[in-house]
Amino acid sequence: MNAAGVAPLWPMMRNLLPHKRPIATTKSHHWAFADLRPLLLRAGQLTPVEKAERRVLVLSDPGRGVGSMQATASIYLGMQLLLPGETAPAHRHTPSAARVIVEGEGGFTIVEGEKLPMQEGDIVLTPGGRWHDHAHEGDKPVIWLDALDLPLFVYLEGSYAEEAPLQARRNRPDASEVEYLAAGLRPPRSPSAPTAQYPMMRFPWRRTREALHAMAKHAGAETVELDYVNPETGQAVLPALGFAALMLRPGEVVRPALRSTSEVYHVVHGKGVAMVNGERMRWGPKDTISIPVFSEVTLSADGEEAFLIRIHDRPLQEKLGYYEERPR
Ligand SMILES: [Fe+2]
């Protein structure tokens with residue numbers, strides 16, 4: 001069989017097609033920001049950004065081992081540092097990215113000429129194939145969490161990048177402050193002018209938080225959660241990755257259904273406990289937790305309200321006709 005270049009399926013059959021539910025390689029992990037921050041700042045002292053292109057610590061899935069370039073099967077996570085006055089040169093690549101801003105003021109990303117300020121808790125998109133560079137006009141370090149669908153592109157043998165000089169910037173605020181300032185309103189569209197595929201590339205945290213607060217007042221026993229969507233289509237903001245903002249009221253306990261997605265929770269604000277498949281994790285501001293597929297997750301907030309951003313691959317699974325939820 002070896003010589004003929006074939007292998008028997010039957011000994012491997014149940015590994016490939018286990019009964020009733022998949023077997024996850026991904027292992028859940030809690031990355032405390034307090035552990036990552038000093039390492040990132042040390043990297044800032046040792047590695048000039050000109051040499052690194054992007055100064056990033058990758059959050060490695062323990063299920064795949066140290067140095068693994070992914071946090072789950074479909075999600076890459078990296079904690080990135082930009083120091084005052086630094087720029088990260090323009091590039092574009094096949095995978096799509098979004099960043100959640102973790103710390104600092106004065107940083108911004110330029111995507112196809114649009115200047116996107118980066119304030120704590122904001123989500124900024126750099127969709128696949130779009131030129132992007134980063135700069136920093138503040139006076140303290142800026143740190144953000146990158147989330148990419150990179151593992152898929154590596155799997156497809158489709159991952160590559162191109163480089164270019166820094167982009168010229170359009171002299172106007174980004175689309176979230178101009179065309180899409182109010183929910184439910186957008187500029188009129190003529191049939192001859194196609195809508196941009198990614199019309200809004202920055203989701204300011206200030207407005208997300210305000211919306212969650214308003215919902216919480218009348219939510220009763222309902223979970224207070226909002227999905228990030230493309231304001232023109234109502235669809236997910238990126239082709240493979242989705243984002244949601246979750247508010248936990250003081251002392252609230254949330255038990256989501258078992259989902260077929262692998263996921264990541266990033267804490268914007270607050271403290272609490274996560275139980276993931278029986279494992280207890282105590283989380284605080286700016287921490288990050290990975291969740292394998294079909295995990296039993298219970299999130300509880302301490303005595304103060306908490307806000308988390310959930311990153312998941314439901315858009316990809318829905319395109320494959322697969323997304324599934326199972327009751328607890
Ligand atoms: Fe990039």
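The values are calculated or read from the model by the stated rules, or taken from the named source; none is laboratory data. Values in this document were obtained by computation on a predicted structure and should not be read as measured data. Positions of Cβ are backbone-derived with ideal geometry, glycine not excepted, and every protein chain shown enters the neighbour counts.
Exactly one of (1) within 16 Å of the ligand (Cβ to nearest atom); (2) at pLDDT 95 or above; (3) surrounded by 12 or more Cβ atoms within 10 Å (Cβ to Cβ) is unmet by GLU162. Its number?
It fails just one condition, (3).
Can we say GLU232 is among the acidic types (Asp, Glu) and in a loop (DSSP other than H, G, I, E, B)? Give the derivation first.
Values: among the acidic types (Asp, Glu): yes; in a loop (DSSP other than H, G, I, E, B): yes.
Here the answer is yes, as GLU232 does meet what is asked.
Within segment 4-62, track down each residue that is in contact with an Asp or Glu (Cβ under 6 Å, 6 or more places away or on another chain) and small (Gly, Ala, Ser). Full working, then the answer.
If we filter segment 4-62 for residues that are in contact with an Asp or Glu (Cβ under 6 Å, 6 or more places away or on another chain), which is where we start, we get 26, 32-33, 49.
Scanning segment 4-62 gives a single hit, ALA32.
If I filter segment 231-240 for residues that are in contact with a helix residue (DSSP H, G or I) (Cβ under 8 Å, 6 or more places away or on another chain), touching a residue at least 40 places away in the same chain (Cβ under 8 Å) and more than 24 Å from PRO95 (Cβ to Cβ), do I get at least one hit?
Taking segment 231-240 as the starting set, the residues that turn out to be in contact with a helix residue (DSSP H, G or I) (Cβ under 8 Å, 6 or more places away or on another chain) are 235-236, 238-240.
Cutting the leftovers down to touching a residue at least 40 places away in the same chain (Cβ under 8 Å) gives us 235-236, 238-240.
In the following step, the residues that additionally are more than 24 Å from PRO95 (Cβ to Cβ) were identified as none.
The answer is no; no qualifying residue exists.
Residue by residue through segment 228-244, note down the ones that are surrounded by fewer than 15 Cβ atoms within 10 Å (Cβ to Cβ) and touching a strand residue (DSSP E or B) at 6+ places or on another chain (Cβ under 8 Å).
GLN235
Just checking, which of PRO89, PRO62 is surrounded by 13 or more Cβ atoms within 10 Å (Cβ to Cβ) and farther than 16 Å from ILE289 by Cα? First the steps, then the outcome.
Numbers: PRO62 fails: farther than 16 Å from ILE289 by Cα.
From the options PRO89, PRO62, the qualifying one is PRO89.
Scan segment 253-267 and give yes if some residue there is part of a strand (DSSP E or B), among the acidic types (Asp, Glu) and surrounded by 23 or more Cβ atoms within 10 Å (Cβ to Cβ), otherwise no. Working first, answer last.
Looking only at segment 253-267, we keep the residues that are part of a strand (DSSP E or B), and these are 253-254, 258-259, 263-267.
Now restrict to residues that are among the acidic types (Asp, Glu): 263.
The next check asks that each one be surrounded by 23 or more Cβ atoms within 10 Å (Cβ to Cβ); those that pass are 263.
Yes.
Here is a yes/no grid of residues against (1) outside any strand (DSSP E or B); (2) surrounded by fewer than 19 Cβ atoms within 10 Å (Cβ to Cβ); (3) modelled with pLDDT under 95:
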position: ARG207; (1), (2), (3): yes, yes, no
position: HIS213; (1), (2), (3): yes, yes, no
position: LEU226; (1), (2), (3): no, yes, no
position: LEU246; (1), (2), (3): no, no, no
position: MET275; (1), (2), (3): no, yes, no
position: LYS286; (1), (2), (3): yes, no, no
position: SER295; (1), (2), (3): yes, no, no
position: LEU308; (1), (2), (3): no, no, no
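Evaluate the following for SER190: is it more than 27 Å from SER290 (Cα to Cα), exposed (fewer than 10 other Cβ atoms within 10 Å of the Cβ) and away from the ligand (no atom under 16 Å from the Cβ)? Don't jump to the end; show me each part of the working.
Details: more than 27 Å from SER290 (Cα to Cα): yes; exposed (fewer than 10 other Cβ atoms within 10 Å of the Cβ): yes; away from the ligand (no atom under 16 Å from the Cβ): yes.
Judged against the criteria, SER190 is a match.
State yes or no: is TYR198 hydroxyl-bearing (Ser, Thr, Tyr), out of contact with any Gly (no Cβ under 7 Å at 6 or more places or on another chain) and closer than 29 Å to ILE289 by Cβ? So that I can check it myself, show each step before the final result.
On the way: hydroxyl-bearing (Ser, Thr, Tyr): yes; out of contact with any Gly (no Cβ under 7 Å at 6 or more places or on another chain): yes; closer than 29 Å to ILE289 by Cβ: yes.
It is true that TYR198 is hydroxyl-bearing (Ser, Thr, Tyr), out of contact with any Gly (no Cβ under 7 Å at 6 or more places or on another chain) and closer than 29 Å to ILE289 by Cβ.
May I ask you to list pairs of residues, at least six apart or on different chains, whose Cβ atoms are under 7 Å apart, with the first in segment 1-27 being polar (S, T, N, Q) and the second being not in a loop (DSSP other than H, G, I, E, B)?
From segment 1-27, the pairs are THR26/SER290.
So if I check each of LEU152, LEU156, which one is more than 16 Å from the ligand (Cβ to nearest atom) and modelled with pLDDT of 95 or more? Show your work before the answer.
On the way: LEU152 fails: more than 16 Å from the ligand (Cβ to nearest atom).
Within the list LEU152, LEU156, the selection yields LEU156.
In contact (Cβ under 8 Å) with a residue 24 or more places away in the chain, surrounded by 11 or more Cβ atoms within 10 Å (Cβ to Cβ) and under 24 Å from LEU308 (Cβ atoms), is that true of SER176?
Working: in contact (Cβ under 8 Å) with a residue 24 or more places away in the chain: yes; surrounded by 11 or more Cβ atoms within 10 Å (Cβ to Cβ): yes; under 24 Å from LEU308 (Cβ atoms): yes.
Spelling it out, SER176 is indeed in contact (Cβ under 8 Å) with a residue 24 or more places away in the chain, surrounded by 11 or more Cβ atoms within 10 Å (Cβ to Cβ) and under 24 Å from LEU308 (Cβ atoms).
Identify, please: which residue in segment 112-145 is closer than 25 Å to LEU308 by Cα, assigned to a strand (DSSP E or B) and not aliphatic (A, V, I, L, M) and is, among those, farthest from the ligand (Cβ to nearest atom)?
Filtering segment 112-145 for residues that are closer than 25 Å to LEU308 by Cα, assigned to a strand (DSSP E or B) and not aliphatic (A, V, I, L, M), the one farthest from the ligand (Cβ to nearest atom) comes out as PRO117.
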